[in-house]
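To keep things clear, I will list the structure first and then write my remarks on it.
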Amino acid sequence: MNEIVYEVAVPAPVMPGLRVAILGSGKMGGILLQAFLKNNLASAENIFATVQHGDRALALSAQFGVEVTTDNLAAAEQADVILLGVKPLQVPGLVEQIRPALTTDKLLLSFAASVKTRSIEEAAGCDLGVIRAMPNTPAMIGAGVTALCAGRFVTPEQMMVAQRIFHTVGRTVVVDEKHMDAVTGLSGSGPAFLYIIIEALAEAGVNVGLPRDVATLLAAQTTYGSARMVLETGYHPALLKDQVTTPAGCTVDGILELEEGGLRVTLIKAVKRAAIRAKELAEG
Ligand SMILES: NC(=O)c1ccc[n+]([C@@H]2O[C@H](COP(=O)([O-])OP(=O)(O)OC[C@H]3O[C@@H](n4cnc5c(N)ncnc54)[C@H](OP(=O)(O)O)[C@@H]3O)[C@@H](O)[C@H]2O)c1
């Protein structure tokens with residue numbers, strides 16, 4: 001299959017001298033770590049990452065040339081911005097563990113689903129800025145979108161820093177915290193829903209006789225192009241849909257099948273269910 005080159009949505013931000021800790025450098029933390037290095041957000045000697053297992057720390061350290069340990073407190077002590085990337089239930093315990101390193105001039109940036117800024121502030125025990133972020137996995141190719149919301153003590157400058165940090169992996173949007181679980185259900189879980197749609201479209205292509213690699217390319221590039229049309233024209237998706245739908249043509253027949261199959265309602269229900277579950281994650 002031909003290689004598809006995707007644009008990186010936002011130019012590289014550079015913040016000279018910024019010291020960043022990523023506590024919990026798993027799938028999402030690892031994506032961020034690589035993006036920080038690739039975009040020169042901070043120099044390698046100013047990035048301090050942690051994981052739970054010593055052997056993984058060694059492997060990551062060797063792979064990326066940054067300090068990766070299992071010592072959260074030491075990493076937090078060395079950083080101005082401390083990212084929290086462990087599982088939601090582990091966040092309060094982790095914050096209490098690094099409490100001696102927390103001062104009001106530092107910024108805590110959690111990208112754990114479901115965990116409220118208020119519970120992080122309480123675990124921190126001082127009035128420092130806490131920002132909650134919800135990135136998504138297209139961050140891996142710089143095409144992610146991250147929603148950010150501010151805790152009680154965040155300054156506009158700190159929010160700017162958080163936006164610049166997440167610009168290394170795509171776009172950002174700042175929302176009120178009450179919307180964060182909805183964001184999790186839509187853009188956090190959304191890539192999984194869209195992969196299923198792409199997979200189904202490709203399967204459909206195979207069903208009507210196309211080779212699988214051609215069908216997958218057509219399905220994925222069509223999804224990508226349609227998303228760009230929405231973003232770049234600013235037109236309502238319904239208007240763009242109408243442009244494809246010739247009277248008595250083939251598209252309208254396909255749309256009738258989609259409506260009869262309940263695709264629209266099913267997607268709405270999927271996002272709603274994911275958002276409800278997102279609310280529960282921090283409670284176990
Ligand atoms: N994956 C996504 O699409 C996505 C999207 C948005 C937000 N998030 C959020 O990102 C967070 C992590 O998710 P993930 O998918 O990246 O999970 P993950 O791959 O399991 O990463 C968790 C990381 O935390 C490390 N860890 C566990 N306990 C630790 C401790 N006490 N101190 C330091 N590190 C510790 C683990 O270390 P080891 O590697 O040694 O086990 C692992 O590297 C979650 O809160 C999730 O809600 C994920």
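What shape does region 229-284 have by the C-alpha gyration tensor, where a ≥ b ≥ c are the square roots of the eigenvalues, rounded means a/c under 1.5, and otherwise prolate means a/b greater than b/c and oblate the rest? Judged from the Cα gyration tensor, region 229-284 comes out oblate (a/c at least 1.5, b/c at or above a/b). Computed over neighbours whose Cβ is under 10 Å from that of residue 26, the net charge equals +3, Lys and Arg +1, Asp and Glu -1.
Residues whose amide H comes within less than 5 Å of that of residue 22, counting only those at least five positions distant or on another chain, are 48, 49, 50, 83 (H built at 1.01 Å from N in the peptide plane). What the phi angles of region 255-266 give under the Karplus curve with 6.51, -1.76 and 1.60, with θ = phi - 60°, is a coupling list of 4, 4, 5, 4, 5, 5, x, x, 4, 4, 5, 4 Hz, glycine and proline written as x. Within the chain, the ratio Rg/Rh, alpha carbon atoms throughout and Rh by Kirkwood, equals 1.03.
Within the chain, what's the longest stretch lacking GluC sites (Glu not before Pro) that sit in DSSP loops with no more than 14 other Cβ atoms inside 10 Å? Each step should come with its number before you reach the end.
Working: sites that count: 3, 7.
Between exposed loop sites, the widest span is 8-284.
Evaluated on region 21-77, the Kirkwood hydrodynamic radius is 10.9 Å, with distances taken between all distinct Cα atoms. Here the accessible area is traced with a 1.4 Å probe on the protein chains. For region 102-151, carbon and sulfur cover 55 percent of it. Using the Cα gyration tensor of region 39-118, with a ≥ b ≥ c the square roots of its eigenvalues, what is the shape: rounded (a/c below 1.5), prolate (a/b larger than b/c) or oblate (neither)? Verdict is prolate for region 39-118.
For the set 110, 189, solvent exposure ranked by accessible area (probe 1.4 Å, protein chains only) runs largest to smallest as 189, 110.
To put it simply, the accessible area of region 152-274 at a 1.4 Å probe is 65 percent carbon and sulfur.
Past the 21 Å Cα-Cα mark, which pairs from 106/178; 87/116; 38/178; 27/178; 87/269? Numbers along the way, then the final one.
Details: 106/178 24 Å; 87/116 13 Å; 38/178 33 Å; 27/178 26 Å; 87/269 25 Å.
Those over the limit are 106/178; 38/178; 27/178; 87/269.
For chymotrypsin sites (Phe, Trp or Tyr not before Pro), no site in region 21-96 is both called loop by DSSP and has at most 14 other Cβ atoms within 10 Å. Summarising the strand pairing of the chain, around 15 percent of its internal DSSP beta bridges are antiparallel. Only helices enter this figure: runs of n ≥ 4 DSSP H residues, each worth -39500 (n - 2.57), summed and divided by the residues of the chain, yield -15000 deg cm²/dmol at 222 nm to the nearest 500. Dipole orientation for the chain: of the candidates 167, 189, 89, 89 has the Cα lying most toward the positive pole (charges on Cβ; Lys, Arg +1; Asp, Glu -1). Computed with a 1.4 Å probe over protein heavy atoms only, the accessible surface of the chain comes to 54 Å² per residue.
Computed 3J(HN,Hα) for region 105-114, one whole-Hz value per residue from the Karplus formula 6.51 cos²θ - 1.76 cosθ + 1.60 where θ = phi - 60°, is 8, 9, 10, 9, 10, 9, 10, 7, 5, 6, glycine and proline marked x.
The values are calculated or read from the model by the stated rules, or taken from the named source; none is laboratory data. Computed from a prediction, not measured in an experiment: that's the story for all the values here. Every residue, glycine as well, gets a Cβ built from its backbone with ideal geometry; the counts of neighbours run over all protein chains shown. Ligands, DNA and RNA are excluded from the accessible area calculation, which covers all protein heavy atoms including side chains. Shrake-Rupley method; radii C 1.70, N 1.55, O 1.52, S 1.80 Å.
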